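Step one of this worksheet: look at the structure below.
What follows is calculated from the coordinates using simple rules that are stated; it is not laboratory data. A quick note: this is a predicted structure, and the numbers were derived from the prediction, not measured. Here the Cβ positions follow ideal geometry from the backbone for every residue, glycine too, while neighbour counts run over all protein chains shown.
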Amino acid sequence: MLIELGRKTFSEKGCIECHTREGAGGKSAPNLDRIARTADPTYVRESILAPDRRIVPGFEAGLMPQNYGSVLTEAEIDALQYYLSNEVAPTPH
């Protein structure tokens, strides 16, 4: 299931260290709990592959890794995009 692979990729590839998703994670990067309400899937994908192209106000450029296009598989990118582009209920921690 894409949501599960996206959740796993988000956690294992370090996104959760800086971003909040499902009510858990870091605070040094934008909270992604409600990104599905404000950003279309194309923007989400672009933000993964070229994170400095559009910087969220209040955050600095250059903090997010620029190499996800080469370190993530196409399946991981697709799943991460799907996971972030869809509302999910917080998982119990």
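Remarks
- Its Cα centre serving as origin, the chain has a Cβ charge dipole (Lys and Arg +1, Asp and Glu -1) of approximately 200 debye.
- Only helical runs count toward this figure. For the chain, summing -39,500 (n - 2.57) over DSSP H runs of n ≥ 4 and dividing by all residues gives -11500 deg cm²/dmol at 222 nm.
- Share of Cα-Cα pairs in the stretch 2-84 lying beyond 20 Å, as whole percent: 23
- Efficiency of FRET between S70 and E4 - r from beta-carbon atoms, R0 30 angstrom, step 0.05: 0.80
- Length-normalised contact order for the chain - Cα pairs under 8 Å, 6+ apart - percent: 39
- Fully extended contour minus Cα-Cα distance, from N86 to I55, at 0.36 nm per residue: 9.1 nm
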